[in-house]
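These notes are about the structure you will find just below.
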Amino acid sequence: MHICRVHTFADGEVTGFELGYGPVGSPLMNTYFYLVDGLLIDTGQSNMRKSCLQLLQDKQINCVLLTHHHEDHSGNALALQKSRNLPVYGHSLTAEKLRKGFRILPYQRYTWGKADPLEIEILPPQKETERFCFIPVHTPGHSKDHTVFLEKEMGWLFSGDLFMGSRIRYFRADEDMKETIESLQKVLSLDFEAVFCSMSPQPVNGKEMLRKKVNYLEEFYGEVGKLYKEGYDEKGIIRHLGEEAKLVKFITFGNVSRANMVRSALRSWKVNGHG
Ligand SMILES: [Fe+2]
């Protein structure tokens, strides 16, 4: 069963496209990308390319911004660049990744599909549309290139994968908890209310939900540090802190797991020796 839904937010100013690929049963994970005043933020997964292009075919789009290079965000960027002659912008690290192309694991291929390599332009300090102005804010942690887009006047934050849930249960192996906490703190110092997340839109109380996430991660990070100072090793800390999401760990061959949350926090404690 595939998912292909259109949502409107902010009195119709923001359109959210929700796509999920599920050739057998329900999709493992749905992806949102957004259209606002001719600006497309992210492009969805290539496994749903036909639906993506159909959804957008009668829409006015002037340019595309990418929050990061991951295949569920950049999956249709080349197709849109070619078929609609659209300029695509991203962080310089996103551009580097997409120029070279990047490998994905079998579960990523199954859930989202591969992203084609492409050349993109580097984000300017701000991107104006006819009525709005979007400021890119670099927010590494989930990935090194991760960037969110703030519309100050409207109080909107297009947050890519910075949020995803206030009590997340697992990390990818390459995620950095300390950087994620710092990015969340940086973003929380900005003015906004609505969070347009790529997994779970929070048009109301979005900032509050981000605050809950940073509180949760700070607590988790602190607990890892406490156990580390008490002399527990990685295995011992994982035993203490975590009911593992076994199915997720199994499907992803361990690339996504709760143990990765512990490992990421522990890496920082070992390097910094403090919180
Ligand atoms: Fe991502």
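Listed here are the residues, each with its yes/no results for (1) without any contact (Cβ under 8 Å) to a residue 24 or more places away in the chain; (2) touching a helix residue (DSSP H, G or I) at 6+ places or on another chain (Cβ under 7 Å); (3) open to solvent by less than 50 Å² (accessible area, probe 1.4 Å).
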residue	(1), (2), (3)
Ala115	no, yes, yes
Leu123	no, no, yes
Lys127	no, no, yes
Arg131	no, no, no
Ser143	no, no, yes
Val148	no, yes, yes
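Which of the residues belonging to the stretch 168-205 are over 15 Å from the mean Cα position of the chain (by Cα) and surrounded by 18 or more Cβ atoms within 10 Å (Cβ to Cβ)?
Selection gives Lys178, Phe192, Ala194.
Out of curiosity, is His68 touching a Gly at 6+ places or on another chain (Cβ under 8 Å) and either within 15 Å of the ligand (Cβ to nearest atom) or open to solvent by less than 30 Å² (accessible area, probe 1.4 Å) (or both)?
Yes.
Would you tally the residues in the stretch 102-113 being of a type in the set (Phe, Trp, Tyr) and open to solvent by 70 Å² or more (accessible area, probe 1.4 Å)?
The total comes to 1.
For (1) of a type outside the set (Phe, Trp, Tyr); (2) in a helix (DSSP H, G or I), each residue gets a yes or a no:
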| site | (1), (2) |
| --- | --- |
| Leu78 | yes, yes |
| Ser83 | yes, yes |
| Thr94 | yes, yes |
| Leu98 | yes, yes |
| Phe102 | no, no |
| Tyr107 | no, yes |
| Tyr110 | no, yes |
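Against the condition at pLDDT 90 or above and either outside any helix (DSSP H, G or I) or within 21 Å of Leu28 (Cα to Cα) (or both), how does Ser200 come out, does it pass?
For Ser200, the condition - at pLDDT 90 or above and either outside any helix (DSSP H, G or I) or within 21 Å of Leu28 (Cα to Cα) (or both) - is met.
Please go through the stretch 150-167 and pick out each residue that is of a type outside the set (Phe, Trp, Tyr), crowded, with 17+ Cβ neighbours inside 10 Å and over 12 Å from the mean Cα position of the chain (by Cα).
Leu150, Glu151, Met154, Leu157, Ser166
Looking at the stretch 187-198, is at least one residue polar (S, T, N, Q), touching a strand residue (DSSP E or B) at 6+ places or on another chain (Cβ under 8 Å) and in contact (Cβ under 8 Å) with a residue 24 or more places away in the chain?
There is at least one residue in the stretch 187-198 that is polar (S, T, N, Q), touching a strand residue (DSSP E or B) at 6+ places or on another chain (Cβ under 8 Å) and in contact (Cβ under 8 Å) with a residue 24 or more places away in the chain.
Restricting the search to the stretch 36-50, which residues are surrounded by fewer than 21 Cβ atoms within 10 Å (Cβ to Cβ) and either within 21 Å of the chain's Cα centre (by Cα) or under 19 Å from Tyr89 (Cα atoms) (or both)?
Listed by number, the residues that qualify are Asp37, Gly38, Arg49.
Considering only the stretch 204-215, I want to know if a residue exists there that is within 16 Å of the ligand (Cβ to nearest atom), more than 22 Å from Ile104 (Cβ to Cβ) and assigned to a helix (DSSP H, G or I).
Yes, the stretch 204-215 contains a residue that is within 16 Å of the ligand (Cβ to nearest atom), more than 22 Å from Ile104 (Cβ to Cβ) and assigned to a helix (DSSP H, G or I).
Filter the stretch 145-185 down to residues that are closer than 16 Å to Arg267 by Cα and in contact with a Leu (Cβ under 7 Å, 6 or more places away or on another chain), then give me how many there are.
3
Name, by its number, the condition in (1) away from the ligand (no atom under 12 Å from the Cβ); (2) within 23 Å of Met261 (Cα to Cα); (3) outside any loop (DSSP other than H, G, I, E, B) that does not hold for Gly165.
(3) is the only condition that Gly165 fails.
Can you tell me how many residues within the stretch 112-147 are on the phi > 0 side of the Ramachandran plot and either within 12 Å of the ligand (Cβ to nearest atom) or not in a loop (DSSP other than H, G, I, E, B) (or both)?
1
May I ask you to say which residue of Ser26, Ser83, Ser92 is of a type in the set (S, T, N, Q), under 19 Å from the mean Cα position of the chain (by Cα), open to solvent by 30 Å² or more (accessible area, probe 1.4 Å) and farther than 18 Å from Asp161 by Cβ?
Ser92
For the stretch 255-271, give me each residue that is touching a residue at least 40 places away in the same chain (Cβ under 8 Å) and loosely packed, with under 12 Cβ neighbours inside 10 Å.
Lys270, the sole residue that qualifies.
Looking only at the stretch 177-203, filter to residues that are under 14 Å from Glu151 (Cα atoms) and among the acidic types (Asp, Glu); which one of those is farthest from the ligand (Cβ to nearest atom)?
Asp191
The values are calculated or read from the model by the stated rules, or taken from the named source; none is laboratory data. Just so we're clear, the structure is a prediction, and the values are computed from it rather than from any experiment. Cβ: placed from backbone, ideal geometry, glycine included. Neighbour counts: every protein chain shown. With ligands, DNA and RNA removed, areas are computed over all heavy atoms of the protein, side chains included. Shrake-Rupley method; radii C 1.70, N 1.55, O 1.52, S 1.80 Å.
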